[in-house]
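The values are calculated or read from the model by the stated rules, or taken from the named source; none is laboratory data. Not measured: the values here are computed from a predicted model. Heads up, the Cβs are rebuilt from the backbone with ideal geometry, glycines too, and the neighbour counts pull from every protein chain shown.
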Amino acid sequence: MSQGQSSTTTSIGLLVLRLAAGGMLLYGHGWAKLAHYSERAAHFPDPLHIGSPRSLMLSIFAEAICSTLVMLGFATRFAAIPLIINMSVAEFIANHGAAFHDHELGYFYLASFIALLFTGPGAFSLDARFGPSVSFKGGK
């Protein structure tokens, strides 16, 4: 496989990962929190002790706004950071002690967004089309 083919297939894989992880999180979690904010604000878990409404707002920011950015491939690495923090808090603090099967999806999201933090969004993204992206590549 040539370098061009490898790059294209890698970018397709990253596109699938971005759309799957971002789309599932947005559809399955973020949208419902956004749509029912007023109903959930007073009773939302507050693992960081900043207040339930603030905890819900941060969760909505990550799960609705940042997941949409990841899906679009816009500011992908920056958008991945709140998602990683959100999923870490959910899995290691809020859901601490739950059975493994209750953590599987959260671990999938966490691993996906960590991978995207390091790889970037790939060629099929707004980052690749319109602007410089942050890179973790070493060297001079």
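General remarks:
- If you go through the stretch 54-78 and keep only what is β-branched (Val, Ile, Thr) and touching an Asp or Glu at 6+ places or on another chain (Cβ under 9 Å), you end up with just 76.
- Against the conditions (1) loosely packed, with under 15 Cβ neighbours inside 10 Å; (2) over 12 Å from the mean Cα position of the chain (by Cα); (3) touching a residue at least 12 places away in the same chain (Cβ under 8 Å), residue 58 satisfies every one except (1).
- Unique residue being under 16 Å from residue 116 (Cβ atoms) and either surrounded by 15 or more Cβ atoms within 10 Å (Cβ to Cβ) or not basic (Lys, Arg) (or both) when the list is 20, 64, 32: 20
- Count - residues of the stretch 25-51 that are in a helix (DSSP H, G or I), free of Cβ contacts under 8 Å to residues at least 40 places away in the same chain and of a type in the set (A, V, I, L, M): 3
One line per residue, one yes/no per condition, for (1) touching a helix residue (DSSP H, G or I) at 6+ places or on another chain (Cβ under 9 Å); (2) at pLDDT 85 or above:
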site	(1), (2)
87	yes, yes
91	yes, yes
97	no, no
109	yes, yes
114	yes, yes
118	yes, yes
130	no, yes
140	no, no
